[in-house]
Amino acid sequence: MPFGEQPAYLKVAEDLRQQIADGRLPPHTRLPSQASIRAQYGVSDTVALEARKVLMAEGLVEGRSGSGTYVRERPAPRRISRSGYRTIGECSPFRQEQTDERVRGTWEGKSEQITAPDAVAGRLGIATGDPVMCTRYVFRTGNEPVMMSTSWEPLSVTGRTPVMLPEEGPLGGRGVVERMAAIDIQVDNVAEEVGARPALAAEARVLGGLAGHAVLVITRTYRAGGLPVETADVVVPADRFRIAYHLPVR
């Protein structure tokens with residue numbers, strides 16, 4: 001079989017990918033064995049193995065111990081709605097991350113005081129090593145984990161105030177806007193940037209899926225004027241969810 005200039009393993013992976021897309025290899029079907037790929041496409045064992053690795057890295061197939069490699073079921077992506085508008089009152093961390101009122105969910109969070117890493121310090125406009133409150137959240141709808149978030153707040157802003165611990169005190173479990181308003185800081189803008197990368201092993205354990213499968217990462221920073229008061233990384237499984245933005249027109 002002629003493969004032109006494209007590497008043979010990519011051409012084999014492309015053909016198998018198309019078979020998965022058009023249903024010739026439906027979910028839960030065993031992928032052709034390495035020997036079958038070798039015979040069908042006239043390639044070496046190395047090429048056949050590399051083609052299978054490509055499909056696995058893309059999250060299209062999964063290995064089952066002692067059984068083989070199977071096509072993964074790919075559910076229809078659901079929407080996570082976000083908005084540039086944040087309000088005071090009845091705003092929980094879950095509602096802060098998912099603004100669709102029809103979606104009900106829960107969250108759990110754990111806070112600890114740490115020193116700011118370089119990247120976090122840059123986003124908060126503080127010095128590397130300055131104290132910050134780090135809170136790690138897991139958000140669920142029903143029993144399904146849908147996203148993770150790691151939030152950092154500069155203790156130069158919240159330290160020794162009633163809102164120093166996001167999940168404790170009189171405003172524990174409220175959104176950033178409401179908590180900051182309680183200490184006379186008016187959050188008036190939020191910036192978000194969306195990127196993608198492979199999931200880390202710890203993220204895959206919590207969110208499901210496999211390490212290396214794609215996740216969406218929302219990098220968010222709340223500001224009061226030019227003062228950053230919170231920054232966070234929100235991690236969402238890319239194969240199960242899409243991010244939808246609702247932004248006001250001014």
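Within 10 Å, count the other beta carbons around each residue, average over each peptide in 182-195, 63-76, 43-56, and list them highest first.
Numbers: 182-195: 13.6, 63-76: 11.7, 43-56: 17.9.
So the order, starting with the most tightly packed, is 43-56, 182-195, 63-76.
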Percentage of interatomic Cα-Cα distances in the chain larger than 25 Å: 52 percent
What list of ³J(HN,Hα) values in whole Hz, one per residue of region 62-69 in order, does the Karplus curve 6.51 cos²θ - 1.76 cosθ + 1.60 (θ = phi - 60°) give from phi, with Gly and Pro shown as x? 9, x, 10, 3, x, 10, x, 10
Could you give the angle, 0 to 90 degrees to the nearest 10, between helix 8-21's Cα long axis and the longest principal axis of the Cα atoms of the chain? 70 degrees
How about region 100-133: which GluC sites (Glu not before Pro) there lie in a loop by DSSP and see at most 15 other Cβ atoms within 10 Å? Glu101
Residues whose built amide H sits under 5 Å from the amide H of Asp130, excluding neighbours closer than 5 in sequence, are Ala116
Could you please state, rounded to a whole Å, how far the C-alpha centre of region 192-250 is from the C-alpha centre of region 27-56? 34 Å
Long-range amide H partners of Val215, meaning residues 5 or more apart or on another chain whose placed amide H is closer than 5 Å, are Arg197, Ala199, Ala238
What's the magnitude of the charge dipole for region 154-200 around its Cα centre, counting Lys and Arg as +1 and Asp and Glu as -1 at the beta-carbon? Answer in Debye, nearest 20. 140 debye
Given the options Ile126, Gly195, Val163, identify the residue whose Cα lies farthest towards the positive end of the charge dipole of region 105-209 (+1 on Cβ of Lys, Arg; -1 on Cβ of Asp, Glu). Gly195
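Given a cut-off of under 8 Å on Cα pairs at least six residues apart, what relative contact order in percent is computed for region 8-71? Mind dumping the intermediate values first?
Values: 64 pairs, mean separation 26.7, N = 64.
Relative contact order for region 8-71 comes out at 42 percent.
Report relative contact order for region 95-158 in percent, whole number only (criteria: Cα-Cα under 8 Å, sequence separation at least 6).
Details: 104 pairs, mean separation 19.6, N = 64.
Relative contact order, region 95-158: 31 percent.
Determine the percent antiparallel among the DSSP beta bridges restricted to the chain, to the nearest 5.
Details: 50 of 56 bridges.
DSSP beta bridges in the chain are roughly 90 percent antiparallel.
Suppose every K and R has +1 on its Cβ and every D and E has -1 on its Cβ; what is the size of the dipole of region 8-71 about the Cα centre, in Debye to the nearest 20? Could the numbers behind the result be given before it?
Details: 8 positive and 7 negative charges, 29 e Å.
My answer is approximately 140 debye.
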Can you list the residues, at least 5 places off or on another chain, whose amide H is less than 5 Å from the amide H of Arg72, using H built in the peptide plane? His28, Val61, Glu62
Under 8 Å for C-alpha pairs, at least 6 residues apart: give me the relative contact order for region 1-144, rounded to a whole percent. 17 percent
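Read-outs: derived from the displayed coordinates by stated rules, not from any lab. In this text the structure is predicted, and so the values were computed from the model without any measurement. FYI the Cβ positions are ideal-geometry reconstructions off the backbone, even for glycines, and counts take in every protein chain you see.
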